[in-house]
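Chemist: Quick one: the structure is below, questions incoming.
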Amino acid sequence: MEPRNSTELIVIHCAATKASMDVDAATIKDWHVNGNGWRDIGYHKVIKRSGEVEDGRDIRDSGAHAAGYNHKSIGICLVGGMADDNSAENNFTDHQWIALLVLVKELKDQYPDADVIGHNEISEKKCPSFDVQEWKKDNL
């Protein structure tokens, strides 16, 4: 385990999976470990389509989800985010939105100075397939 020294960011991601794919943390861990050769799942939390929040990497550990920011961030992954044509799509369920809000509020209680951002704010990616700053205005 590589302990995270600070928590400046809570980074929201999507799994880049289609709405028909209900994967879980174990599946994503398999992709990361066996597909990428990483030592563990890259995210700290995974929110399934049902809204169930699953633990990924130990919350005290540095993640593997945002290059250049892993040492100071927590990664949350929403399952979904990809349309049938493989383009970015906000296809998250109502259960996921509720779970995301509850989880982010819990993490902000633990890490009050951490900023909540989308992966696309620190990377040239469409992930998480929605505007996190707009979501924050409406919800936090």
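The values are calculated or read from the model by the stated rules, or taken from the named source; none is laboratory data. Given the structure is predicted, the values throughout are model-derived calculations rather than measurements. Note: ideal-geometry Cβ built from the backbone for every residue, glycine included; neighbour counts use all protein chains shown.
Chemist: Would you check which residues across the range 109-140 are modelled with pLDDT of 95 or more and of a type in the set (Lys, Arg) and list them?
Modeler: Answer for the range 109-140, where residues must be modelled with pLDDT of 95 or more and of a type in the set (Lys, Arg): 126, 136, 137.
Chemist: Going by the conditions given, is residue 17 of a type in the set (S, T, N, Q), in contact with a Lys or Arg (Cβ under 8 Å, 6 or more places away or on another chain) and modelled with pLDDT of 95 or more? Break it down stepwise before answering.
Modeler: Values: of a type in the set (S, T, N, Q): yes; in contact with a Lys or Arg (Cβ under 8 Å, 6 or more places away or on another chain): no; modelled with pLDDT of 95 or more: yes.
No, not satisfied.
Chemist: Starting from the range 38-52, take each residue that is under 10 Å from residue 28 (Cβ atoms) and list its partners that are surrounded by fewer than 21 Cβ atoms within 10 Å (Cβ to Cβ) and small (Gly, Ala, Ser), counting only C-beta distances under 6 angstrom and pairs at least six apart or across chains.
Modeler: 42/64
Chemist: If you go through the range 9-20 one residue at a time, do you hit one that is charged (D, E, K, R) and farther than 17 Å from residue 130 by Cβ?
Modeler: No - not one qualifying residue is present in the range 9-20.
Chemist: Can you tell me which residue is surrounded by the most Cβ atoms within 10 Å (Cβ to Cβ) among those in the range 1-34 that are of a type in the set (A, V, I, L, M) and part of a loop (DSSP other than H, G, I, E, B)?
Modeler: In the first step, residues of the range 1-34 are kept if they are of a type in the set (A, V, I, L, M); the result is 1, 9-12, 15-16, 19, 21, 23, 25-26, 28, 33.
Subset that is part of a loop (DSSP other than H, G, I, E, B): 1, 15-16, 19, 21, 23.
Values: 1: 10, 15: 25, 16: 19, 19: 16, 21: 13, 23: 17.
It comes out as 15.
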